[in-house]
Amino acid sequence: MRAPKTAAIAHKKPLAEILKKGKAETNTKKDKARNKKDPDAPKRPSSAFFVFMEDFRKSFKENNPDQKSCSAVGKAGGEKWKSMTDAEKAPYAEKALKRKAEYEKAVQAYKIKLTQNGDGCNELPEESTTSTSEVHDEADQEASS
């Protein structure tokens, strides 16, 4: 005689649940790996377009105080950027290059800071609040006791 079908189905159901759990665990592992960004790391510099948008947002809000939508500002800025010549874009490109140079210096300083801390931990070593003379006095008292 054959076994009832319910027994075969009941056997397969836990396997499906185990597979779903396995997939969920792999997703969380990926998420954890992505979230390990150091908050002390320097931020990447803005491109020439975003430097332009900083100035454009101010002028757009002055000229169009009734427009409060971010998408309207972005669309208008993108259209203006496309219509600009390379000569008009040059000052923004120069500012972006300066920011990039500052960023590279900050990254080098940050990397040096990480290597000085040992294992790559971003925690600074804790400094003692007692002076060296107090430490020596305490050591002398303990030795004489």
*In the list A16, A33, A76, which residue meets the criterion of being more than 30 Å from the chain's Cα centre (by Cα), part of a helix (DSSP H, G or I), among the small types (G, A, S) and modelled with pLDDT under 95?*
A16
*Any chance you could count how many residues in segment 34-53 are open to solvent by less than 70 Å² (accessible area, probe 1.4 Å) and of a type outside the set (S, T, N, Q)?*
9
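Per-residue answers, yes or no, for (1) more than 14 Å from S47 (Cβ to Cβ); (2) surrounded by 12 or more Cβ atoms within 10 Å (Cβ to Cβ):
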| residue | (1), (2) |
| --- | --- |
| F60 | yes, yes |
| K80 | yes, yes |
| A96 | no, yes |
| I112 | yes, no |
| Q116 | yes, no |
*Would you tally the residues in segment 82-94 being outside any helix (DSSP H, G or I) and either in contact (Cβ under 8 Å) with a residue 60 or more places away in the chain or surrounded by 12 or more Cβ atoms within 10 Å (Cβ to Cβ) (or both)?*
1
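The values are calculated or read from the model by the stated rules, or taken from the named source; none is laboratory data. Because the structure is predicted, anything quoted here is derived from the model rather than measured. Every residue, glycine as well, gets a Cβ built from its backbone with ideal geometry; the counts of neighbours run over all protein chains shown. Only protein heavy atoms, including side chains, enter the accessible area calculation; ligands, DNA and RNA are left aside. Shrake-Rupley method; radii C 1.70, N 1.55, O 1.52, S 1.80 Å.
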